[in-house]
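Everything below concerns the one structure shown next.
The values are calculated or read from the model by the stated rules, or taken from the named source; none is laboratory data. Just so it is clear, the structure is predicted and the values come from calculations on it, not from any experiment. When we count neighbours, we look across all protein chains shown, and the Cβ atoms used for this are built from the backbone with ideal geometry, even at glycine. Each accessible area value is taken on the protein alone, full model and side chains, heavy atoms only, with ligands, DNA and RNA left out. Shrake-Rupley method; radii C 1.70, N 1.55, O 1.52, S 1.80 Å.
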Amino acid sequence: MTDDKRRGVLFDVDGTLVDTTYLHTVSWWEALRQADHRVPMARIHRSIGMGSDKLLDHLLGAERDRDADGRLRDAHDALYGEYWERLTPLPGARELLRACAERGLRVVLATSAAKHEVTALRAALDADDVIDSVTSSADAQESKPAPDILVAALEQSGLAAERVVFVGDSVWDVAAAGKLEIPCIGLTCGGTGRAELAGAGAVAVYDDPAALLDALSDSAIASLG
């Protein structure tokens, strides 16, 4: 049930709070290379933030034979899993979550990562005491840029779309938020440029969580009250 009096901040995690965007890029590049798909890393990087189904459509074409998709995903997961013990929060990530909680805002991780990946991401963040709820890929029928994961995050946290701000690092994050008319703050720490995030509709763009934390009192988050 939605609590009309509560407000909160929804956070993407990969590339927004934890420094994983390029790890995913390299892991997808190697998984595709093993299957004889030669895809430049720059193209892969620009697809990170989509769900794996849409990412593969984007990179290999929607008309391809999808019989090998499961093997590609498994290869990516195995390669990416080698980094789990070394996952690192982006500058100011943990402090930003705590600052939002101190303002009385619900802190929600709106991630479409698989459940086993979410465990590693939460361990890297080490901020469970201020996190209200967490989604995973199992909560969304369709992946970003569809808004399903944000809908799930709102339902789990009891928040209304008009009472939240979303923080993400990709144009796919901005697009998903826009479909629900949720203001999206963009961070460039995932490797997407300021102009591209702003052009996609981000209400403001900062370098990383630390920069957003420094400007928190003047940000869209402060307007939540």
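For the range 128-196, calculate the relative contact order in percent as a whole number, restricting contacts to Cα pairs under 8 Å that are 6 or more residues apart. Spell out each step's value before the answer.
Working: 87 pairs, mean separation 17.8, N = 69.
Once divided by the residue count of the range 128-196, the mean separation gives 26 percent.
Each peptide in 25-35, 123-133, 63-73 gets a packing score, the mean of other Cβ atoms within 10 Å over its residues, and the list from highest to lowest is 25-35, 123-133, 63-73. Across the cross-link table entries Lys5/Lys115; Lys115/Lys179; Lys115/Lys144, which are compared at the Cα atoms, the separations over 23 Å belong to Lys5/Lys115; Lys115/Lys179.
Axis of helix 115-125 versus longest Cα principal axis of the chain: the two differ by about 50°, to the nearest ten degrees. Positive end of the charge dipole of the range 1-143 (Lys, Arg +1 and Asp, Glu -1 on Cβ, about the Cα centre): tell me which of Gly8, Leu109, His24 has its Cα farthest that way. Final value for the positive-end residue is Gly8.
Remark: spin-label model distance Thr88-His116 equals 2.6 nm, labels positioned 7 Å along the Cα→Cβ axis.
Under 5 Å from the amide H of Tyr206 lie the amide H atoms of Gly186, Leu187, Thr188, each residue being 5 or more positions distant or on a separate chain, with H modelled from the backbone and absent for Pro and chain starts.
With a 1.4 Å probe and all protein chains kept in place, how do Leu60, Leu159 rank by accessible area, largest first?
Values: Leu60 45, Leu159 5 Å².
Largest accessible area first, the list is Leu60, Leu159.
Only helical runs count toward this figure. For the chain, summing -39,500 (n - 2.57) over DSSP H runs of n ≥ 4 and dividing by all residues gives -12500 deg cm²/dmol at 222 nm. Dipole magnitude for the chain: computed about the Cα centre from +1 point charges on Lys and Arg Cβ and -1 point charges on Asp and Glu Cβ, it is near 240 debye.
What whole-number value in cubic angstrom gives the convex hull volume per residue for the C-alpha atoms of the range 132-214?
On the way: hull volume 7.8 nm³, N = 83.
Per-residue hull volume (Cα only) is 94 Å³.
Using a simple spin-label model with pseudo-atoms 7 Å out from Cα toward Cβ, Arg38 and Glu181 lie 4.9 nm apart.
What does the charge count around Leu59 come to, taking other residues whose C-beta lies under 10 Å from its C-beta (Lys +1, Arg +1, Asp -1, Glu -1)?
+3
Our summary gives the chain a relative contact order of 27 percent, counting only alpha carbon pairs under 8 angstrom and 6 or more residues apart. Shown for the chain: the carbon plus sulfur share of the solvent-accessible area, taken with all protein chains present and a 1.4 angstrom probe, equals 47%.
What's the ranking of 99-110, 42-53, 209-220 by average number of surrounding C-beta atoms within 10 Å, highest first? Kindly include the intermediate steps, with their values, before the conclusion.
Numbers: 99-110: 20.8, 42-53: 18.9, 209-220: 17.2.
Sorting 99-110, 42-53, 209-220 by mean packing, highest first, produces 99-110, 42-53, 209-220.
With respect to the chain, whose longest principal axis is taken over its alpha-carbon atoms, helix 21-34 is tilted by about 20°. When the convex hull of its Cα atoms is viewed from all sides, the chain shows a mean projected area of 11.4 nm². Rg then Dmax, both in Å and based on the Cα atoms of the range 18-83: 10.8, 33. Could you work out the relative contact order of the range 1-110? I mean the mean sequence separation of Cα pairs under 8 Å and 6+ apart, divided by the number of residues, in percent. That works out to 47 percent.
Using a probe radius of 1.4 Å on heavy atoms only, what accessible surface per residue do you get for the chain? Whole Å² is fine.
On the way: 10150 Å² over 225 residues.
Ligands and nucleic acids excluded, the result is 45 Å² per residue.
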